[in-house]
Amino acid sequence: MLQDSKKAIFFDFGDTLAATTPYYLIRIAMALRAAGYQVSDREFELAYIKTDYEIYTRYKAQEEITPDEYREWFFPILCKYLCLDGDPYEIRSRMRVELKGIKFSRARLPGANELLDFLKGKGYILVVISNNDGKTEEKCEEVGIREYFDIIIDSTNIGLVKPDARIFQFVLEKLKLSNGQAIHIGDLYGSDVMGGLNAGIDVIWLNNRDIQKLDGSQVIEYENLSEIKELFE
């Protein structure tokens with residue numbers, strides 16, 4: 001049984017436990033349109049997921065990736081999938097100007113508290129591993145879930161980034177656990193699913209965007225957080 005072999009459950013943060021309104025990806029799509037690039041919300045979501053997965057394949061070719069490399073690679077690949085002509089860095093600069101003007105709020109995703117309450121009650125060690133801006137802990141406080149987590153890891157603060165196996169290994173070593181004793185839950189197929197699998201960790205893909213798998217990997221897949229509870233009952 002799954003619950004018999006696991007001691008720790010790792011979570012991504014953005015679009016897994018909490019999200020902004022409008023969603024982060026939708027805000028970027030809105031900003032691109034405001035900057036003059038005709039990109040639909042769905043086109044952007046699909047391109048973003050494909051970009052994240054391609055970064056995983058690049059990472060696999062060299063076996064390490066830094067946060068700076070992740071940022072450097074991301075937008076040019078994204079522009080390729082969106083078929084946007086021009087200098088990707090100029091496009092990104094124009095997008096960022098427009099993004100600053102889009103107001104948003106942040107809240108837990110439906111089912112987050114219910115799942116975290118349940119897992120904490122079962123005695124699991126709960127961890128956040130987020131590719132973020134150094135403020136993941138504050139964001140957890142903002143949406144009212146900080147109390148659930150034993151450790152919160154932010155890529156900016158430790159200089160490691162998903163999908164690099166080293167970020168998962170960093171947490172396992174802190175907890176003195178083997179990779180078989182943890183499971184990772186996240187929404188991005190490259191960073192979360194392939195990153196976790198590559199680190200030897202079982203994964204749950206929170207496929208809340210209804211995206212088709214990008215390879216033949218066998219993964220547990222759910223559409224929303226409330227469904228995940230059944231795995232641990």
Which lysines have a Cα lying under 20 Å from the Cα of residue 135, excluding residues fewer than 8 positions away in the same chain?
-> 100, 103, 162
Kindly write out, for the range 99-110 in residue order, the coupling ³J(HN,Hα) from the Karplus curve 6.51 cos²θ - 1.76 cosθ + 1.60 (θ = phi - 60°), rounded to whole Hz, with x marking Gly and Pro.
-> 4, 4, x, 9, 6, 8, 10, 10, 8, 4, 7, x
Those lysines that a straight Cα-Cα span of less than 20 Å connects to residue 7, excepting residues fewer than 8 apart in one chain = 120, 122, 174, 176, 229
Over all directions, the range 24-99 yields a Cα convex hull whose mean projected area in nm² is 4.8 nm²
Using modelled backbone amide H atoms (1.01 Å from N, in-plane), which distant-in-sequence or interchain residues come within less than 5 Å of residue 18's amide H?
-> 109
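Between residue 114 and residue 179, how high is the FRET efficiency from 1/(1 + (r/R0)^6) when r is the Cβ-Cβ distance and R₀ = 22 Å? Nearest 0.05.
Values: r = 27 Å, r/R0 = 1.24.
E(calc), rounded to 0.05, equals 0.20.
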Per DSSP, loop trypsin sites (Lys or Arg not before Pro) in the range 140-233 with at most 15 further Cβ within 10 Å = 176, 213
Cα-based Debye curve of the chain sampled at q = 0.12, 0.18 Å⁻¹ gives log₁₀ I(q)/I(0) of -0.65, -1.49
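Bear in mind that the values in this text are calculations on the coordinates, not laboratory data. Because the structure is a prediction, the values reported are computed rather than measured. Ideal geometry is used to build each Cβ from the backbone, glycine not excepted, and the neighbour counts take in all protein chains shown.
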